[in-house]
Every structure is written in structure tokens, then in C-alpha cells.
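Visitor: Okay, here's the structure, questions in a sec.
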């Protein structure tokens, strides 16, 4: 029977092959991890851009809101002024009507007659007053 000579080089070759396989697998894992890291970094950059745009939009909307509030305030002031002007016009119209109707209106039946001259009165010294005015004083 022939004897089989031990192969001393075979275990070293297998170990070397396994080592190379492990090395290739580690490289693939590292490359895959790097790709994931790049993809996540790109997603993060994209999310930052979206957030920045959203912040800019929020600022623009806040400014528009402030402007709208100012416009609403001015409109309320204008409305109040218009109401006040309307009330003043109404009152002036009523006063004008009373003034323009007064001379043409007949006197009231129960109104007391107005005397054109003041009634004479007696003062504390017994003198009649209200008839003559002394301008020589």
C-alpha cells in the first residue's frame, strides 16, 4: 500500500485562503458601511436644506401676518373714523334742519309771549330801574 505523505503546505494554503476571504468580506462590509454613511449624509444635507427653506417660508409668513395685522388695524381705525364722520354728519344735518325750520315754524300755542323791553324794577334805594340808561356817568 502506498503511503500518503502529509501535506504540510495544504493547511497553510487553506488558512491563507480563509484569511483572504475574511479580508474580502471585511472590505465589502467597510465599503457597504461607507456607502450607507454617504447616503445618510446626503439625506441629512437634504433634510437641512428642506428645514432651511421651511424656516425661510415661516419667516416670510410671519412678516406677511404682521403686515396683515397692521392692515387690519388701519382698517379698524378707518371704520371707526367713518362711523364717527357719519354720526357727525347726521348731527350736523339735524342741527341744520332745526336752525332752518326755526324761523318758519309757527309759535307754539302754549308758549309765553316774549316782551321786547325789560320790566322796570325798584332797587334797594327805591329807584325805578330798567327804563333809562345813564350814559353820562
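Visitor: Assuming R0 = 41 Å, what is the FRET efficiency of residue 83 and residue 54, from their Cβ-Cβ distance, to the nearest 0.05?
Guide: Working: r = 42 Å, r/R0 = 1.03.
Taking R0 as 41 Å, the efficiency between residue 83 and residue 54 is 0.45.
Visitor: Using a Förster distance of 41 angstrom, determine the FRET efficiency expected from the C-beta separation of residue 125 and residue 99, and round it to 0.05.
Guide: Working: r = 44 Å, r/R0 = 1.07.
The value I calculate is 0.40.
Visitor: Expressed in nm to one decimal, what extension gain is obtained for the pair residue 92 and residue 25 from 0.36 nm per residue of sequence separation less their Cα-Cα distance? Walk me through the numbers before you get to the answer.
Guide: Details: separation 67, 0.36 × 67 = 24.12 nm, distance 9.86 nm.
The residue 92-residue 25 span can extend by a further 14.3 nm.
Visitor: Now for a separate question. Based on the alpha carbons, how large is the Rg to Rh ratio for the range 14-103 when Rh follows Kirkwood? Spell out each step's value before the answer.
Guide: Working: Rg = 38.4 Å, Rh = 20.9 Å.
For the range 14-103, the value is 1.84.
Visitor: What is the spin-label model distance, in nm, from residue 16 to residue 43 if the labels are put 7 Å beyond Cα along the C-beta direction?
Guide: 4.3
Each value in this text was obtained by applying a stated rule to the coordinates, not by laboratory testing. Here the structure is a predicted model, which means the values were calculated and not measured. All Cβ positions, even for glycine, are placed from backbone atoms using ideal geometry, and neighbour counts span all protein chains on display.
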